[in-house]
Every structure is written in C-alpha cells, then in structure tokens.
1. Can you pull the Rg over Rh of chain B, Cα-only, Kirkwood?
2. Need the C-alpha centroid separation for region B:71-116 versus region B:1-68, integer Å.
3. Quote the charge dipole size of region B:7-116 about the Cα centre in Debye, to the nearest 20; the model charges only the Cβ of Lys and Arg (+1) and of Asp and Glu (-1).
4. Of A:62, A:97, B:66, whose Cα points farthest to the positive end of the dipole of the protein assembly as shown (charges on the beta-carbon: +1 Lys, Arg; -1 Asp, Glu; origin at the Cα centre)?
5. Going by Cβ distance under 4.7 Å, what cysteines of chain A have no possible disulfide partner?
6. Calculated FRET efficiency, residue B:55 and residue B:8, Cβ-Cβ r, R0 25 Å, to nearest 0.05?
7. Assigning unit charges at the beta carbon (Lys, Arg +1; Asp, Glu -1) and nothing else, what dipole magnitude in debye, to the nearest 20, does region A:48-92 show about its Cα centre?
8. For the protein assembly as shown, what number of Lys pairs, 8 or more residues apart or on separate chains, have alpha-carbon atoms under 22 Å from each other?
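The numbers here are math on the coordinates, done by the rules we state, and not lab data. What you see is a predicted model; the values in this text were computed from it and never measured. All Cβ positions, even for glycine, are placed from backbone atoms using ideal geometry, and neighbour counts span all protein chains on display.
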Amino acid sequence: ETGVTQTPRHLVMGMTNKKSLKCEQHLGHNAMYWYKQSAKKPLELMFVYSLEERVENNSVPSRFSPECPNSSHLFLHLHTLQPEDSALYLCASSQDTGRETQYFGPGTRLLVL
Amino acid sequence: AQTVTQSQPEMSVQEAETVTLSCTYDTSESDYYLFWYKQPPSRQMILVIRQEAYKQQNATENRFSVNFQKAAKSFSLKISDSQLGDAAMYFCAYWVWGGSQGNLIFGKGTKLSVKP
C-alpha cells in the first residue's frame, strides 16, 4: 500500500464502548497528526507526534488517547465517547513538523450512539 | 486569532469552464505557506497546490493556479477547463508556527459542483 491508510473506514460505537482507530503511513515521514472534521466546521488539530513523541495536544478530552509506537503507526484509542464526538477523524503525516506538506488518509467516519 | 475565511460555501461551474474559489486569511507572520486541498466524496484529502509566502510568482499545477495577494492576505484558486472529477470540497489552509511546531489552519471549505 502507498500513502496514508486508515482503518476502519466506518465505526459505530456506544458511549460505553472502547475502540481504536489505526493509521499507517508508508511515506517514511517523521511526523503524524490526528484531526477531527465535523460538519460546517474547519478541521481541528487534535494531536501531533514527531519521532514518536507527542509535541502537541490541543486541549483534547481525555476520552481520546493517542499512541504512536513507531514513526509509521498512529492510534487513537476511544472510550466513553459522547454523541458530539461523532465526526470524520483524519490522520496525516509529513516529513517533519516544519513547513512540509501534510498528506492525509481517507479518514474514519465515527458515529457514537 | 489566526483564521482562514472561505466566503463561498458552495460554487457551481459548467464543465470546461473556469471557476475561482476565494480565500482570505489573517496572520501577523511574514513567513508562511499556503495550501489548497481537495476532498472528494471518497473523503481523501488531496493536496492541489502549495504557495510559499516569500515567493511573488503564483504557483500553478496544470489546470490549477492561484492568485496570491500577500498584502491583501488573499489566496484564490482558479480551476481552468473544469472536469467532472473536480467536483469536491476545497479547503484553503495556511501553515504557521504555533508552540513547538507548525500548525495547519483550515477554512470551512467550499463545495464545488461541476455540471455536464
């Protein structure tokens, strides 16, 4: 596979469930990102990892827990979510966290019931 | 606050015609990068074009070109010879330093429809 991949593409979960989103980049990049895309709103940056270390956490609720085991993989662990967390979650990567272009995955459409 | 404004929530263009999508931004920085991304129904965000703020020459990529007016903080996208495959959401964004690393700031997007 090439580029940035995300699994699953769709996810429906109850508020008491625990699930994880997975992102994998095949571009040899050192930086990875999680974004939230809600209807009628700009993309919101959630987390930034550089060389497997978290460098930014934009006041995201603790029910979202990121994990970056290596520079190619990024996870977003979800637990006790709220209906307002329903959104498209996009993963992106770039060569580093500087002025490099970010390349996006296809996203995971999450619905919280 | 650093913001990006796309004033056209929806636009429509006839196939083979030209359309221009507008974008304005607000930043106090002098060195930054600007981007247009396309998001088709498949949801994959695809880079369309990139412009370095220090360059006066407008970027072009085949049928896509920008009109970058730095003083006016304007960054519009022109699509020439529109094709059905151009139908998508288009997002304007700029990169700026924020904290310990750069951040991409996005607009709300413009939905482009292409009529056959």
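1. Working: Rg = 13.9 Å, Rh = 14.4 Å.
Using only Cα positions, Rg/Rh for chain B is 0.97.
2. 3 Å
3. Details: 11 positive and 10 negative charges, 24 e Å.
Its charge dipole is roughly 120 debye.
4. Farthest along the dipole direction, towards plus: A:62.
5. Those would be A:68, since no other cysteine Cβ in chain A comes under 4.7 Å of theirs.
6. Values: r = 25 Å, r/R0 = 1.02.
Between residue B:55 and residue B:8 the formula returns 0.50.
7. Working: 2 positive and 6 negative charges, 12 e Å.
That gives a dipole near 60 debye.
8. So the count of such lysine pairs works out to 28.
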